[in-house]
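Quick notes on the structure that follows.
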Amino acid sequence: MTTALALYSGGLDSTLACRLIMEQGIRVVAVKFVTPFFGTALLADPQAYRDEVRRRYGIEVMLRDLTEPYLRMLAAPAHGYGKNFNPCVDCKILLMGEALRMLAEFDASFLISGEVLGQRPMSQRRDTLRVIERDSGCDDLLLRPLSARHLPPTRPEREGLVDRDRLLAFRGRNRTPQIELAARFGIEDYESPGGGCVLTDPNLAKRIRGLYEEASLVGKIPTAADIRLLLAGRVLRLPGGAWLVLGRNEPENDRLQTLALPTDWLLNLRDDPGPTAVLRRPATLAARIDAREREEQDLAAAATLVLRYAGKSCRARNRAVVRAETTGRARELATTPLADQVFADWHH
Ligand code: SF4
C-alpha cells in the first residue's frame, strides 16, 4: 500500500489535504511538528492528541519535537522575518526538510501539505512555494492536494500513485471551498484558521526577539528553557536584571512549577492563594561581580510583585509573607505590595 507523510498543523487545510489523499486509498501518516512557538502544550499528553485527531478526523497523527533546530534557524532565517519575528518561509523549509528525512522511517513515497496557493501573502505565493520545495530538498516529492491543479504535476502524480484528476484547484483567501469540502467529509468541529504561531503576536514576538538580541551579545542563542519560561505567564524584567514570570491562572501556575530550573527561585504566598512565580537570572548576567547583591534586590522586588498580583482580599491587608525556594535554600520574605507606577516600565 502506498504511504504518504503529511505535514499536519491541526487546521482545516492540512486535515482536508490528508482526507483527500486517504480518499484515494493511500495510507497517510500525519506529523505535527512542535516547538515552543506552536503545539508545545500537546507534548504534555501526546496520546490524548493522537486519540483526539483520530476520533475527530480519522487521521493517524504523531508529534515530533523540533525545538533545537528551530531555535537555531530563528537566529538567522535565510529568507528573513515577516511582520513580527515569524520566519515563515524558513519555518516551512525546516519542517518540510525534516519531513523529507522521515519518509524512509515510515516507508512513505511522498509528502503532502495543506498549503493553498495565494492564501497567505508571504509564504504561499507561487514563487515562494517553489523556493520552499527547492530549499527543503523536497522538490517534486511534495504534493499540495488542495491547489495541485494550479501547480506542475509532482512525481507521485506522474508515477500514477495519485490521481491528479481527483485533486483540487483551490486558490486565494476565500474559505468557502474548504468549508464545503469539510461538509462533504462530514467534518464539523474544526478550528477556525489562526493568524499564525506566537511569533506572529506583536508582544510575544518582541519578547522573543529581545531574548535573541541579548543572547547574541555573548555569541549564543536563547535556550529552550528560557523561551518556554518567557512564554508561560506575565513577564517582568526586574531592576537587577532577572526575569520574573507570574502565573495569571491555575494552569499557568502549574506550568511554572514544571518549568522552574534548580537554579531558579520559585515564589508563592505562604498563607494565601496567589500567583506562582519564577525568578530567573539570565545566563548573560551570571558572571557579574555584583550578582549576589542584584539577586537580593530582585528577590525583594519579586516578593512584592507576588503580593501585588494576589487576590483582592490578600492585597487589601497590605502585608503578606512570600515563600521563596531554590535548590538547597528557602526564604520567607515579609512584604507589602508595590505601587503600580513603580513597576510600570518593568513589563516585558
Ligand atoms: S506563522 Fe509560525 S508556524 Fe506558521 S509558518 Fe509562520 S513561523 Fe511557521
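See the values below:
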{"quantity": "Trypsin sites (Lys or Arg not before Pro) lying in DSSP loop within segment 199-245, provided at most 14 other Cβ fall within 10 Å", "calculated": "220"}
{"quantity": "Tail fraction, Cα-Cα pairs, segment 1-111, threshold 26 Å, whole percent", "calculated": "20"}
{"quantity": "Total lysine pairs under 23 Å (Cα atoms) in the chain, excluding pairs fewer than 8 apart on one chain", "calculated": "5"}
{"quantity": "Contour excess over end-to-end distance, with Cα ends at residue 228 and residue 164 and 0.36 nm allotted per residue", "calculated": "18.8 nm"}
{"quantity": "Mean separation of Cα contacts under 8 Å (6+ apart) over length of the chain, as relative contact order %", "calculated": "14"}
{"quantity": "Theoretical gain in end-to-end length, residue 51 to residue 72 [0.36 nm per residue, Cα-Cα removed]", "calculated": "4.4 nm"}
{"quantity": "Mean Cβ neighbour count within 10 Å, used as a protection proxy, ranking 60-68, 263-271, 174-182, 299-307 highest first", "calculated": "299-307, 263-271, 60-68, 174-182"}
{"quantity": "D (Stokes-Einstein, µm²/s), Kirkwood Cα radius, segment 142-216, 1.306 mPa s at 10 °C", "calculated": "100"}
{"quantity": "Calculated on alpha-carbon atoms, Rg and Dmax of segment 3-184 in Å", "calculated": "15.5, 43"}
{"quantity": "³J(HN,Hα), Karplus 6.51/-1.76/1.60, whole Hz, each residue of segment 238-246, x for Gly, Pro", "calculated": "7, x, x, x, 7, 8, 10, 10, 10"}
{"quantity": "Whole-number percent relative contact order across segment 201-346, with pairs defined as alpha carbons under 8 Å at least 6 apart", "calculated": "20"}
{"quantity": "Two-decimal log10 I(q)/I(0) for the chain, as the Debye equation yields it once each C-alpha is a single scatterer, q = 0.10, 0.14, 0.15 Å⁻¹", "calculated": "-0.70, -1.07, -1.17"}
{"quantity": "Rule-of-thumb Rg ratio for segment 201-346 [Cα; 2.2 N^0.38 Å; N residues]", "calculated": "1.01"}
{"quantity": "Using a Förster distance of 30 Å, the FRET efficiency for residue 180-residue 155 (Cβ separation, nearest 0.05)", "calculated": "0.55"}
{"quantity": "Nonlocal amide H pairs with residue 110, under 5 Å, H built at 1.01 Å", "calculated": "5"}
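FYI, it's all coordinate maths here, none of it is from the lab. Here the structure is a predicted model, which is why all the values come from computation and not from measurement. We place every Cβ from the backbone using ideal geometry, glycine too, and count neighbours over all the protein chains shown.
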